[in-house]
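K.L.:
Just dropping this structure here.
The values are calculated or read from the model by the stated rules, or taken from the named source; none is laboratory data. Just so you know, these numbers come straight off a predicted model, no measurement behind them. Ideal geometry is used to build each Cβ from the backbone, glycine not excepted, and the neighbour counts take in all protein chains shown. Side chains are part of the model used for accessible areas, which takes the heavy atoms of the whole protein and leaves out ligands, DNA and RNA. Shrake-Rupley method; radii C 1.70, N 1.55, O 1.52, S 1.80 Å.
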Amino acid sequence: MTTKDTQIEKLTIRPARKADFPILVDFLAKLALHVADSPPLTLREEERKHLQDNLADALVNDDKLLIVAELSKSGVVGMGYIHILRSQGLWEQDGDQELQTAVIDDTWVEPAFRQQGIFGAILCKLISFAEDRGLQDLILEYAASNKEAKATWTRLGFETTGVRAAASTATVKKKLAKCP
Ligand SMILES: CC(C)(COP(=O)(O)OP(=O)(O)OC[C@H]1O[C@@H](n2cnc3c(N)ncnc32)[C@H](O)[C@@H]1OP(=O)(O)O)[C@@H](O)C(=O)NCCC(=O)NCCS
């Protein structure tokens, strides 16, 4: 656990607890709406349960770490998550060596508390988690339309390594011209 004094409130960066789940599910819902650039919507009850189950797994799985940022007066105002993705290599030459990748996901800081270094403090813990496991590379995905995420990740040294593209079947058929 890390604590430091911000301008008016004490910031604590700590692993999530079960009692945090309701607010973390709210953050995940806000994140989904933010990424989709959607007006407010209500989360289905089954999805709320599903998200809580995923969060619960992060508390008991050694390959996962869920971190929250808590302010002394305002309470929990941010979250960040890292997990280790394990896979077997494709190539005979690599032998039985397991590949491990550190993936960052589910990052949220409440709007009123942004650009004060809160996510940077969360990220320090996520980095330690990866480095403690001998992993030096971090990967993550964000929507190209998410300008805030792009600005933050670029500032923090992340470089684009791939592009996810989307098109309607009608558009692609028009381009191909030869589809029946
Ligand atoms: C992305 C997000 C988590 C950043 O949280 P934050 O607490 O504001 O981030 P920090 O204050 O720790 O900033 C980290 C660095 O990014 C920079 N940064 C943060 N937001 C920025 C913005 N909107 N524009 C430009 N730079 C920005 C900061 O200046 C800082 O760099 P510095 O140390 O040189 O000052 C927050 O904006 C957020 O919750 N956005 C909505 C959810 C989201 O898009 N999540 C990412 C999905 S992949």
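K.L.:
What number of residues within segment 134-172 satisfy the criterion of being closer than 19 Å to Gly117 by Cβ and either modelled with pLDDT under 95 or of a type in the set (D, E, K, R) (or both)?
P.N.:
3
K.L.:
A further question follows. For segment 68-127, which positions are in a strand (DSSP E or B), open to solvent by less than 60 Å² (accessible area, probe 1.4 Å) and away from the ligand (no atom under 16 Å from the Cβ)?
P.N.:
Of segment 68-127, the ones in a strand (DSSP E or B) are 68-71, 75-88, 98-109.
Subsequent filtering for residues that are open to solvent by less than 60 Å² (accessible area, probe 1.4 Å) retains 68-71, 75-84, 87, 101-104, 106-109.
Residues satisfying the conditions are Ile84, Ser87, Thr101.
K.L.:
Out of segment 128-165, which residues are outside any loop (DSSP other than H, G, I, E, B), open to solvent by 50 Å² or more (accessible area, probe 1.4 Å), among the hydrophobic types (A, V, I, L, M, F, W, C) and near the ligand (Cβ under 8 Å from one of its atoms)?
P.N.:
Ala151
K.L.:
Also, quick follow-up: Is it the case that segment 92-107 has a residue that's within 29 Å of Ser74 (Cβ to Cβ) and either out of contact with any helix residue (DSSP H, G or I) (no Cβ under 8 Å at 6 or more places or on another chain) or modelled with pLDDT under 95 (or both)? If you could, list the steps in order and put the result at the bottom.
P.N.:
Going residue by residue through segment 92-107, those that are within 29 Å of Ser74 (Cβ to Cβ) are 103-107.
Filter once more, so that each one left must be either out of contact with any helix residue (DSSP H, G or I) (no Cβ under 8 Å at 6 or more places or on another chain) or modelled with pLDDT under 95 (or both): 103, 105.
Yes, because at least one residue in segment 92-107 is within 29 Å of Ser74 (Cβ to Cβ) and either out of contact with any helix residue (DSSP H, G or I) (no Cβ under 8 Å at 6 or more places or on another chain) or modelled with pLDDT under 95 (or both).
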